[in-house]
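The values are calculated or read from the model by the stated rules, or taken from the named source; none is laboratory data. Predicted model, so just to flag it, every value in this text is computed and none were measured. Note that we place each Cβ from the backbone using ideal geometry, even for glycine, and neighbour counts take in every protein chain shown. Side chains are part of the model used for accessible areas, which takes the heavy atoms of the whole protein and leaves out ligands, DNA and RNA. Shrake-Rupley method; radii C 1.70, N 1.55, O 1.52, S 1.80 Å.
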Amino acid sequence: MTTTRFAPSPTGYIHVGNLRTALMNYLIARKAGGTFILRIDDTDPERSKEEYVDAIKQDLEWLGLHWDRVERQSERLDRYAEAADELREMGRFYEAFETPTELDLKRKKQLNMGKPPVYDRAALNLNDAEKDALRAERGNGVWRFRLDHERIEWTDGILGDISIDASSVSDPVLIRGDGQVLYTIASVVDDTEMGVTDVVRGSDHVTNTATQIQIIQALGGTCPRFAHHSLLTGPQGEALSKRLGTLALRDLREQGVQPLALLSLMARLGSSDPVELRTEMAELIDGFDIGRFGAAPTKFDVQDLFPLTAKHLQSLSLADVADAVADAGVPAELAEPFWAMARENITTLADLKGWWELCLNGAEPLIADEDREFITEAVALLPEGPFDGATWGQWTSAVKDATGRKGKSLFMPLRKALTGMERGPEMATLLPLLQVIRARG
């Protein structure tokens, strides 16, 4: 069975970059009728916060990305310890004691000599007495996985055939000196034991994937299918990493972005398929193909979400937005005609309040000097209330007969006088809602 996972760290709110990973893994699982695991990477007790665990779940639920089960790495520390012991027994795990300063000096020296800045494995030459002395002086060392210096190869679901020379990569640290288990080994143990078959993540993990393949093989596991999606940039190709904090999903939600607008964009962005608004998750699932995504950096513009949001809102019935209409202050008896008027003239649901303010209190009239006499005459011809969908046509016909105006010179001055705007809803649907005019009628 196809099994995928999304493994966020609960050290902050998830953003659009995280969503890309979560969504691709979710769509692969759902398209195959498989399992989607939410795996909380909370092995760092200092930075992991329960409030972020709750926030991650809330954001995924808002989007409709429902998981089949939740796993927490903090509850699996004994399994990572067992895997570490296995690696020690087979001679693939060793303790190293260099300080960050010493490692930095080694890297600089290697670079000056034209060599790749790879850890030199000096710790492998330490005898027990030397290790004890360093441990007494500096505390426990870090534990590194000893890579086999051979080529690591796999066929990536997006990048194609990958081949990395393990000798060009430092032996990865899997356990810190303070005993904290790092993602590299925790992920391997979890993916193996949870039967994860497909892993999609960012292209910044390619080297990490190479080392994990060797760890999986050392522990006797089966490698999942890997795919590494491109990283997002800003609309001009600028690095997006520094802005991701302002692109948290909860911030987009606060700005009024609708879930299907966000999902429709992120499920196709960077692929050879056009971005089109989908009306339900099933459409996104059926049309998803990881092989249609490219390796080039992918431009993301938050402004692209708002036309999609507006288009989505236009497709909704009053029942879908009843709470938002009520929150805008619209009385129940006017909710249906109000939504019919407003739905094609809003970008987000927050815009409803402004339209109801216009209906309730009117607007500052926008009247050109040459139209003042015309507007005065037109207002005098306004029919007696109550107004309905036919009132606008009856009124403008009467004004046309009285003034001789027609077309734009007739309709535009009336619209601007009533709404203070040159564009907006069909006046036939708006006029019956204008409370100030209704009171006159």
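Filtering the stretch 376-391 for residues that are closer than 12 Å to Leu431 by Cα, at pLDDT below 95, assigned to a helix (DSSP H, G or I) and more than 45 Å from the chain's Cα centre (by Cα) leaves a non-empty set. Going through (1) surrounded by 12 or more Cβ atoms within 10 Å (Cβ to Cβ); (2) more than 30 Å from Ile290 (Cβ to Cβ) one by one, Gly139 falls short only on (1). The single condition from (1) within 21 Å of the chain's Cα centre (by Cα); (2) surrounded by fewer than 17 Cβ atoms within 10 Å (Cβ to Cβ); (3) under 30 Å from Ala123 (Cα atoms) that Asp42 fails is (2). Taking the stretch 49-67, which residues are exposed (fewer than 13 other Cβ atoms within 10 Å of the Cβ), under 20 Å from the mean Cα position of the chain (by Cα) and of a type in the set (D, E, K, R)? Answer for the stretch 49-67, where residues must be exposed (fewer than 13 other Cβ atoms within 10 Å of the Cβ), under 20 Å from the mean Cα position of the chain (by Cα) and of a type in the set (D, E, K, R): Glu51, Asp54, Glu61. Criterion applied to Met24, Met90 was being touching a residue at least 12 places away in the same chain (Cβ under 8 Å) and within 28 Å of Arg144 (Cβ to Cβ), and the one residue passing it is Met90. Being open to solvent by less than 50 Å² (accessible area, probe 1.4 Å) and out of contact with any Ser or Thr (no Cβ under 7 Å at 6 or more places or on another chain) is a description that applies to Leu134. As a summary of the residue check, Leu358 satisfies the conditions (1) open to solvent by 60 Å² or more (accessible area, probe 1.4 Å); (2) more than 30 Å from Met24 (Cα to Cα); (3) part of a helix (DSSP H, G or I) except for the one numbered (1). When the stretch 57-107 is filtered for residues that are in contact with a Phe, Trp or Tyr (Cβ under 8 Å, 6 or more places away or on another chain) and aliphatic (A, V, I, L, M), the ones remaining, listed by number, are Leu60, Leu65, Ala84, Leu87, Ala96, Leu103.
Looking across the stretch 294-340, the residues that are open to solvent by 20 Å² or more (accessible area, probe 1.4 Å) and assigned to a loop (DSSP other than H, G, I, E, B) come down to Gly294, Ala295, Ala296, Pro297, Asp301, Ser315, Leu316, Ser317, Gly329, Pro331. Within the stretch 95-126, the residues that satisfy the criterion of being in a loop (DSSP other than H, G, I, E, B) and either under 22 Å from Asp178 (Cα atoms) or open to solvent by 100 Å² or more (accessible area, probe 1.4 Å) (or both) are Phe97, Glu98, Thr99, Met113, Lys115, Tyr119, Arg121, Leu126. A single entry from Asp156, Asp171, Asp198 fulfils the requirement of being more than 29 Å from Val70 (Cβ to Cβ), among the charged types (D, E, K, R) and in contact with a strand residue (DSSP E or B) (Cβ under 6 Å, 6 or more places away or on another chain): Asp171.
Please specify each residue of the stretch 198-235 satisfying the condition of being free of Cβ contacts under 8 Å to residues at least 40 places away in the same chain and either surrounded by 21 or more Cβ atoms within 10 Å (Cβ to Cβ) or not hydrophobic (A, V, I, L, M, F, W, C) (or both). Asp204, His205, Asn208, Gln212, Gln217, Gly220, Gly221, Thr222, Pro224, listed by residue number.
Residues in the stretch 194-212 that are assigned to a helix (DSSP H, G or I) and within 24 Å of Leu27 (Cβ to Cβ): Ser203, Asp204, His205, Val206, Asn208, Thr209, Gln212. For the stretch 31-56, residues that are touching a Phe, Trp or Tyr at 6+ places or on another chain (Cβ under 8 Å) and under 17 Å from Ile175 (Cα atoms) total 2.
For Ala417, state whether it is touching a helix residue (DSSP H, G or I) at 6+ places or on another chain (Cβ under 6 Å), part of a helix (DSSP H, G or I) and either of a type in the set (S, T, N, Q) or over 30 Å from His312 (Cβ atoms) (or both). Taking the combined requirement at face value, the residue satisfies it.
Look at the stretch 368-380: where a residue is open to solvent by less than 70 Å² (accessible area, probe 1.4 Å) and a partner is not in a helix (DSSP H, G or I), sitting 6+ places away or on another chain with Cβ atoms under 8 Å, you get Phe374/Arg405; Ile375/Pro365; Ile375/Ile367. Exactly one residue out of Thr246, Thr197, Thr233 is hydroxyl-bearing (Ser, Thr, Tyr), at pLDDT below 95 and in contact with a Lys or Arg (Cβ under 7 Å, 6 or more places away or on another chain): that is Thr233. Arg278: open to solvent by less than 70 Å² (accessible area, probe 1.4 Å) and among the basic types (Lys, Arg), yes or no? So Arg278 passes the test.
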